[in-house]
Amino acid sequence: MPAWTIISPENPVSDLGGHPMRFNVYRVMKAVYHVLDPSNEPSSTIDEVKHIATLEYAVSQEKEGPLEISSLIIHLRLSTQTDTRFDVVLHDMQIEDKVENTCILLPEELSPALMDISRFVREFVIRRSAIKWKPASDCSFGRRIWDQMQEEKYHQRVSQQETAGGTDTSGIGCSSCPIGHCKSCGVISCRSANCRASCEPPIVRCAKHKHNALCLPCLEEQGSKRELEKCPACKSWCCPKDISECIGHPVTIPSLSRASSLEHFVKMMITSSQLAKVHPVKYGSCGQCKLRGWRRCPGGFCWSNHNVICPECTSGGITCACRKVWACDVCAEHDSSIFIRCPRCDRPFCKSCTYIDQCRRCTRATLCYDCAEETSDVDDCTKDASDCAKETSDVDDCTKDASDCARETSDVDDCTEDASDCAEGTSDVDDCTKDASDGVVEKFATLAGTCEGCGEKVCSRCAPIRASWYSCMGCLVMKNRRTERAHAYYRN
């Protein structure tokens, strides 16, 4: 009897160039294993590689009568097995377990798939016997026949819909037509549920790639790797590559000090990417939409791998004071290319923020705007200290006059009171002077030089005596190139 190998590791279900009955046979196979051998039930059409399904049929013909299919059986087994495990006998609607030697009826929900298989085999045999040329392969000829059968079913469905003027057999139905064509099983339908050309199951297709269309059963059978996803914002169907996704924050991040080198930071991020995640891959929105709370970290070595980050994973992130730049918790702490931190208050600021600046050569940061104001207050306090020192000398003179004017007791008391007030002022001066001489203050940079080429600023440590010169490495390279070209020109 003629037989086709419909599904095998060499002929996967996901192969669009495979047999046209591969999806119907897959649905039968999945139902059989679900009932009789759940441990080996296929998981999805995308991952299916361990089963073998063979469709075998026999043809009979009476005198001058049409060809009839006398036998139609689907043989099922694992690819590691040599003998058939299950036989699905379509004429008797039964499943035969060859190992357990039992027989059960097929589930009723398989009736549509079994009817499609029977009709296809019958049409194939009839049309194949009617042609005199030899097709390239049964597979390609079968796909051609199946496409024709789907078009005939579609037009038959349209013609059966009664309109006000009678039966319309020429129109396609609505403005949403032309029709959708499932690229997996080949079913044809209008995408609009209100159109008379639509059918169950409905067909969905990518909003950007119109050729990527699937019926809902084929889409669901693809499992976690399905080829279309729905955008939660605009509700349109899109290819997974056109939908943002969050890969999940690592459950644990190896400890690393802020002063560690870039090499150690990159190594830590590589290690983190291999750890368990707080959730599996979670799809966001399409490129035309933006979901609230989803962010993207600018870190070049971020665990997110340049993908968007969902609200569940953004809870520990940090935002600049200007509210323009956000980074995840790990990159904000260790990636110095994102934020500049104030040497005094340690608050993070983005590179374009006007609240802070840094030397373009040694990358030392200035104080932030708030800390700079406090520093100016300390300078004023230091100035007051020198003024109070003069008052202290006046106190000494006043005390000496108090001893000479012992008879004038009231004047002495006033001078003594003035002396105690000035003494308190002196202690305040000492505190201000101590704050001004704090070691933290000396860590920040003071920008004192400007590059003539690009206008970048450098600190007083990196600037030479002149406050204007070619400071940036890029500007120096360009200057040297121009000098070399000038010398070469004059030498020639």
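The values are calculated or read from the model by the stated rules, or taken from the named source; none is laboratory data. Here the structure is a predicted model, which means the values were calculated and not measured. Here Cβ is always computed from backbone atoms with ideal geometry, including for glycine, and neighbour counts include all displayed protein chains. Just the protein is used for accessible areas: all its heavy atoms, side chains included, with ligands, DNA and RNA removed. Shrake-Rupley method; radii C 1.70, N 1.55, O 1.52, S 1.80 Å.
Going residue by residue through segment 138-153, is there one that turns out to be in a loop (DSSP other than H, G, I, E, B), more than 17 Å from TYR26 (Cα to Cα) and either at pLDDT 90 or above or open to solvent by less than 60 Å² (accessible area, probe 1.4 Å) (or both)? Quick ask: steps written out before the conclusion?
Our first condition is that a residue be in a loop (DSSP other than H, G, I, E, B); within segment 138-153, this holds for none.
No, segment 138-153 has no match at all.
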Could you tell me whether segment 280-294 includes any residue that is surrounded by 18 or more Cβ atoms within 10 Å (Cβ to Cβ), at positive phi and either part of a strand (DSSP E or B) or in contact with a strand residue (DSSP E or B) (Cβ under 7 Å, 6 or more places away or on another chain) (or both)? no
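When the residues of segment 295-325 are filtered to those that are β-branched (Val, Ile, Thr) and more than 30 Å from GLU227 (Cβ to Cβ), which remaining residue is surrounded by the fewest Cβ atoms within 10 Å (Cβ to Cβ)?
Here is the first cut: in segment 295-325, the residues β-branched (Val, Ile, Thr) are 308-309, 314, 318-319, 325.
Narrowing the set further to residues that are more than 30 Å from GLU227 (Cβ to Cβ) leaves 318-319, 325.
Working: ILE318: 16, THR319: 14, VAL325: 20.
Taking the candidates together, the pick is THR319.
Restricting to segment 224-235, and then to whatever is open to solvent by 30 Å² or more (accessible area, probe 1.4 Å) and outside any strand (DSSP E or B), can you tell me which residue is farthest from LYS183 (Cα to Cα)? Break it down stepwise before answering.
As a first pass, look at segment 224-235 and keep what is open to solvent by 30 Å² or more (accessible area, probe 1.4 Å): 224-227, 230, 232-235.
From the residues that got through so far, the ones that are outside any strand (DSSP E or B) too are 224-227, 232-235.
Values: SER224: 18, LYS225: 16, ARG226: 13, GLU227: 11, PRO232: 24, ALA233: 26, CYS234: 24, LYS235: 21 Å.
Within segment 224-235, the match that is farthest from LYS183 (Cα to Cα) is ALA233.
If you go through segment 22-46, how many residues are in contact with a strand residue (DSSP E or B) (Cβ under 7 Å, 6 or more places away or on another chain) and open to solvent by 20 Å² or more (accessible area, probe 1.4 Å)? Walk me through it before giving the result.
Of all residues in segment 22-46, those in contact with a strand residue (DSSP E or B) (Cβ under 7 Å, 6 or more places away or on another chain) come to 22, 25-26, 28-29, 32, 36, 40, 42.
Pick out the ones that are also open to solvent by 20 Å² or more (accessible area, probe 1.4 Å) and you get 36, 40.
Number of matching residues: 2.
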Return the residues of segment 47-78 that are open to solvent by less than 70 Å² (accessible area, probe 1.4 Å), under 25 Å from PRO217 (Cβ atoms) and outside any strand (DSSP E or B); say none if nothing qualifies. ASP47, GLU48
Considering segment 9-39 alone, what residues qualify as being touching a Phe, Trp or Tyr at 6+ places or on another chain (Cβ under 6 Å) and over 15 Å from HIS75 (Cβ atoms)? VAL13, PRO20
Only one of (1) at pLDDT 90 or above; (2) not polar (S, T, N, Q); (3) not in a loop (DSSP other than H, G, I, E, B) fails for ASP83. Which number is that? (3)
Could you please let me know if CYS328 is closer than 28 Å to CYS371 by Cβ, surrounded by 14 or more Cβ atoms within 10 Å (Cβ to Cβ) and within 15 Å of the chain's Cα centre (by Cα)? yes
Take the conditions surrounded by 15 or more Cβ atoms within 10 Å (Cβ to Cβ), at pLDDT below 75 and not in a strand (DSSP E or B) and apply them to ARG128. Does it pass? no
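Tell me which residues, restricted to segment 86-124, are assigned to a loop (DSSP other than H, G, I, E, B) and β-branched (Val, Ile, Thr). Write out each step before concluding.
If we filter segment 86-124 for residues that are assigned to a loop (DSSP other than H, G, I, E, B), which is where we start, we get 90-93, 98-101, 106-107.
Scanning segment 86-124 gives a single hit, VAL99.
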Failed item, numbered, when VAL330 is tested on (1) in contact (Cβ under 8 Å) with a residue 24 or more places away in the chain; (2) in a loop (DSSP other than H, G, I, E, B): (2)
Any idea which residue in segment 238-277 is surrounded by the fewest Cβ atoms within 10 Å (Cβ to Cβ), counting only those that are of a type in the set (Lys, Arg) and without any contact (Cβ under 8 Å) to a residue 40 or more places away in the chain? LYS241
For residues that are open to solvent by 70 Å² or more (accessible area, probe 1.4 Å), among the acidic types (Asp, Glu) and closer than 25 Å to PRO12 by Cβ, tally how many sit in segment 91-125. 1
Is it true that ILE131 is in contact (Cβ under 8 Å) with a residue 40 or more places away in the chain and among the β-branched types (Val, Ile, Thr)? no
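Among the candidates VAL25, VAL59, VAL49, VAL35, which residue alone is of a type in the set (Val, Ile, Thr), within 41 Å of the chain's Cα centre (by Cα) and under 18 Å from GLY142 (Cα atoms)? Even if it seems obvious, please write down each step before you answer.
Working: VAL59 fails: within 41 Å of the chain's Cα centre (by Cα); VAL49 fails: under 18 Å from GLY142 (Cα atoms); VAL35 fails: under 18 Å from GLY142 (Cα atoms).
Only one candidate passes the filter, namely VAL25.
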Count - residues of segment 2-17 that are in a loop (DSSP other than H, G, I, E, B) and open to solvent by 10 Å² or more (accessible area, probe 1.4 Å): 8
